[in-house]
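Beneath this line is the structure, given in structure tokens, with notes to follow.
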Amino acid sequence: MSEMSIRDGVFERLHRRVFYGWVILGVAGLGIFVSGPGQSHNFSVFIGPVSEDLGISKATIATAYGLATLAAAFLLPKMGMLVDRFGPRLVAITVTVLLGFACMIFGAVSGFLWLALGFGILRFLGQGSMMLTSANMVTQWFQRKRGFALSLMALGFAVSMAVHPPLGQFLIETIGWRRAWLVLGLMTWVLMLPALLLLAFDKPEDKGLTPDGDEAADPTAPKAEITGLTLKEALRTRTFHIVAGGFFSVSMMVTVLHFYQVTIFASHGLAPWIAAYAFPISALTMVLTMPLVGRLFDMMKTRRAFGIGLLVLTAALVLSTFTTDLFTTALYAVAFGLSNAFSLTMFGYLWPRYFGRRHVGSIQGAGQMIAVVGASVGPFPVGIAFDRLGSGDGAILAMALIPFAFAIATQTLRTPPGLCDHAHLD
């Protein structure tokens, strides 16, 4: 029996019970989870052992990590074009295979250059490409319910935050950091490849369906045309630059808070256990509010929801500078968790919303590149402030003006000409 006939049999059985887009959502959420080896929260438990084994300072490792992240960002537009050309399923299969090998190879790195190269490959494949292909799959299968679907997909990231760091720490303590990466690579293959090979389909139209499962397409009728601007057309619009600028500010400032949260609390005289207490509050808030945020994007004018997300981030930044006790820390942690819920939902929602589905891979790849550049440069001004002034509060408050300014700019967003069917969502 061929792979295609097996896939078709699985599709028919599952589609009789539920709209198949929900199955695709499960595959995409799993993809977000298995991106974990390329995410910052996974690397955090490996920094100490790698530094000690290779004889490289933590500051040098941080430099390698930042430069590798920046370099990987510039490859993402090309990955987006490959998704448009070959479909998210085939690209995701290729990325999964390469990510597994990259994990295994990372366990054998020696010296600064190999370490930086390993960081770059893992960031490109995990944090970049796997998240891009997963979001693209959900984007193709949902339209009216896209915000809610993407928010559920993003729960895979929260599960990764809960699973990968303690798993990595356990593996380090039992078999060492190098063999730990072998296990992570094998786990990536075991979890993701069967799901992609047996369950994934690129678009609902490929199976005679329509997004959201609202109505079945007539199999004898021509397939409905999938509309959307090209990357070149999108780049000529004011809308692209406002959306990309908003994502740049989100990625930049969220990275600042992740990177410096413990340092900020310490500069305010807070005990380390209070800093540790803030992380689970943010994670729980994120999990509880993501479905609500998704519904918000589906029900509200897009520019309003986008603006609210940026204002929540602004509030989290301001609150971080006023953390002086348990109550103010909890207030900040809730705001930051809600901000993460907005940012992870917006990641896959806004590009197809404003530019259509036809070339969303290349447009999303370009937008993600801009966001990752923001993540790379964000920590530097705050780090300089800590080194020279002993506090990052002033720099954080000044930088909070960036998402605030874009929150105002988003209220002028309009659907570009050529996608008039989406104009009612403005």
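None of the figures in this text is laboratory data; all of them are computed from the coordinates on show. Note that this is a predicted model, so its numbers are computed, not measured. Here Cβ is always computed from backbone atoms with ideal geometry, including for glycine, and neighbour counts include all displayed protein chains.
Kindly identify segment 1-40 as rounded, prolate or oblate by the Cα gyration tensor criterion: order the square roots of the eigenvalues as a ≥ b ≥ c, call it rounded if a/c is under 1.5, otherwise compare a/b with b/c, prolate if a/b is larger, else oblate. Judged from the Cα gyration tensor, segment 1-40 comes out oblate (a/c at least 1.5, b/c at or above a/b). Out of every Cα-Cα pair in segment 3-203, what percent are more than 28 Å apart? In whole percent, the share of Cα-Cα pairs in segment 3-203 beyond 28 Å is 28. Across 48, 348, 365, mean-square fluctuation computed from a Gaussian network of the chain (C-alpha pairs under 10 Å connected) peaks at 48.
Stretched out straight at 0.36 nm per residue, the stretch from residue 108 to residue 304 would grow longer than its current Cα-Cα span by 65.7 nm. In this rough spin-label picture, where each label sits 7 Å from Cα along the Cβ direction, the residue 197-residue 324 distance is 6.0 nm.
Nearest 20 debye, what's the magnitude of the dipole of segment 30-140 about its Cα centre given +1 on Lys and Arg Cβ and -1 on Asp and Glu Cβ? Write down the numbers at each step before the final one.
Working: 5 positive and 3 negative charges, 54 e Å.
Rounded to the nearest 20 debye, it is 260 debye.
Can you tell me how segment 288-339 classifies by the Cα gyration tensor, rounded, prolate or oblate, using a/c under 1.5 as the rounded cut?
Taking the square roots of the gyration eigenvalues as a ≥ b ≥ c, segment 288-339 is oblate.
Efficiency by 1/(1 + (r/R0)^6): what FRET value for residue 86 and residue 13, r their Cβ-Cβ distance, R0 = 25 Å, to the nearest 0.05?
On the way: r = 27 Å, r/R0 = 1.07.
Approximately 0.40, to the nearest 0.05.
Taking 0.36 nm per residue of separation and subtracting the Cα-Cα distance, full extension of the segment from residue 169 to residue 384 would add 74.3 nm.
Think of each Lys and Arg Cβ as +1 and each Asp and Glu Cβ as -1; about the Cα centre, that makes the dipole of the chain roughly 540 debye. Note on residue 54 and residue 159: the model spin-label points, each 7 Å out from Cα along the C-beta direction, lie 3.1 nm apart.
Placing +1 on the Cβ of each Lys and Arg and -1 on the Cβ of each Asp and Glu in the chain, which of 127, 412, 160 has its Cα farthest towards the positive end of the resulting dipole? Farthest along the dipole direction, towards plus: 412.
Sorted from greatest to least, the principal axis extents spanned by the alpha carbons of the chain come out as 69, 50, 37 Å.
A dipole drawn for the chain from +1 and -1 charges on Cβ atoms has a positive end, and of 384, 150, 32 the residue lying farthest that way is 150.
Counting only whole DSSP H helices of the chain, the ones at least 24 Å long by C-alpha along their axis and with mean Kyte-Doolittle hydropathy no lower than 0.5 are 88-106, 155-175, 177-199, 238-267, 272-299, 302-320, 326-355, 360-377.
Model label sites at residue 358 and residue 5, defined 7 Å from Cα along the beta-carbon direction, differ in position by 3.7 nm. If you take the alpha carbon atoms of segment 231-417 and fit the smallest convex hull around them, that volume is 105 Å³ per residue. Shown for the chain: lysine pairs separated by 8 or more places, or found on different chains, whose C-alpha atoms are under 16 Å apart, numbering 5. Taking a point 7 Å out from the Cα of residue 206 in the direction of its Cβ, the residues of segment 140-181 whose backbone N falls within less than 13 Å of it are 140-141. For trypsin sites (Lys or Arg not before Pro), the sites in segment 116-193 that DSSP calls loop and that have at most 16 other Cβ atoms within 10 Å are 144.
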